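One structure below.
The values are calculated or read from the model by the stated rules, or taken from the named source; none is laboratory data. Everything numeric in this text was worked out from a predicted model, so none of it was measured. When we count neighbours, we look across all protein chains shown, and the Cβ atoms used for this are built from the backbone with ideal geometry, even at glycine.
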Amino acid sequence: MIQSVKLLCVVVAMMVSCTVVASEPDLFAPASKEVTQQVELFEFDTPQLQKRAIELAKTLRCPQCQNQNLVESNSPIAKDLRLIVFNKVNEGETDQQVIDYMTARYGEFVLYKPTFSAQNALLWGLPMLALLAFFFLSWRKINSRRA
């Protein structure tokens, strides 16, 4: 119980510090003007490529902001990654090739929907197992009281 309270306090403190950090305008150095202009004025070969690149960038998480995708975030790293995504899509790479490149470089953290694997099976299955155990134990307790 005490460990749970400590963990909750740590999580709350991290959330508060992240909010304070995000509100500090001079804390992170802005992206260079060249990168900012390249991202804002990026020209795609076709409108379809532009739409595909933007949709793909929306599926990738900003490593710095954590709760924003690459399109929503204005952090320097998000602008750099957006430029990489736009260039790779414009060069003709598939969505999967771009995703593979990003996950190889930043890990599955950049994906909003991580893949199901043996490594994260417990993370995906534990809530369902806990719910099933709760229903089973509740049913058992009710039946034992009736008897």
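Among the candidates LYS113, LYS141, which residue alone is more than 27 Å from THR46 (Cα to Cα), basic (Lys, Arg) and outside any helix (DSSP H, G or I)?
From the options LYS113, LYS141, the qualifying one is LYS113.
This table checks each residue for (1) free of Cβ contacts under 8 Å to residues at least 40 places away in the same chain; (2) touching a Lys or Arg at 6+ places or on another chain (Cβ under 9 Å); (3) of a type in the set (S, T, N, Q).
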{"residue": "CYS65", "(1), (2), (3)": "no, no, no"}
{"residue": "SER75", "(1), (2), (3)": "no, no, yes"}
{"residue": "ALA78", "(1), (2), (3)": "yes, no, no"}
{"residue": "GLU91", "(1), (2), (3)": "yes, no, no"}
{"residue": "GLN97", "(1), (2), (3)": "yes, yes, yes"}
{"residue": "MET102", "(1), (2), (3)": "no, no, no"}
{"residue": "GLY107", "(1), (2), (3)": "yes, no, no"}
{"residue": "VAL110", "(1), (2), (3)": "no, yes, no"}
{"residue": "LYS113", "(1), (2), (3)": "no, no, no"}
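With respect to VAL71, is the statement that it is closer than 14 Å to ALA53 by Cβ and assigned to a loop (DSSP other than H, G, I, E, B) true?
So VAL71 passes the test.
Just give me the residues in region 84-100 being over 18 Å from the mean Cα position of the chain (by Cα) and within 18 Å of VAL71 (Cα to Cα), in sequence order.
Residues satisfying the conditions are PHE86, ASN87, LYS88, VAL89, ASN90.
Could you list all residues from region 100-147 that are surrounded by 12 or more Cβ atoms within 10 Å (Cβ to Cβ), under 22 Å from GLN50 (Cα atoms) and either modelled with pLDDT under 90 or touching a strand residue (DSSP E or B) at 6+ places or on another chain (Cβ under 7 Å) (or both)?
Scanning region 100-147 gives MET102, THR103, VAL110, LEU111.
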